[in-house]
């Protein structure tokens, strides 16, 4: 990641950002990008909403990792692509 992360960097590191698992400098650079980029702010808001929604459901059986990966891949394919060159 360069000084100013790209939209792709934001999407690739969004889980670590939301979990606060990034070094301070990288987190601040992501915050700067999010301040300027409405599309990435929306993306993270959707991530937060998804996490909150999933947290409301409790399944006593743990999900199969292959099933989770399949669902994530389908969501990524369905996600709109950024229209700006960040």
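The values are calculated or read from the model by the stated rules, or taken from the named source; none is laboratory data. These numbers come from a predicted model, not from an experiment. Here the Cβ positions follow ideal geometry from the backbone for every residue, glycine too, while neighbour counts run over all protein chains shown.
Brief remarks follow.
- For the range 1-21, residues that are surrounded by 16 or more Cβ atoms within 10 Å (Cβ to Cβ) and within 18 Å of residue 45 (Cβ to Cβ) total 8.
- Residue among 60, 65, 82 that alone is surrounded by 11 or more Cβ atoms within 10 Å (Cβ to Cβ) and modelled with pLDDT under 85: 82
- Of all the numbered requirements in (1) within 12 Å of the chain's Cα centre (by Cα); (2) surrounded by 10 or more Cβ atoms within 10 Å (Cβ to Cβ), residue 26 misses one, and that requirement is (1).
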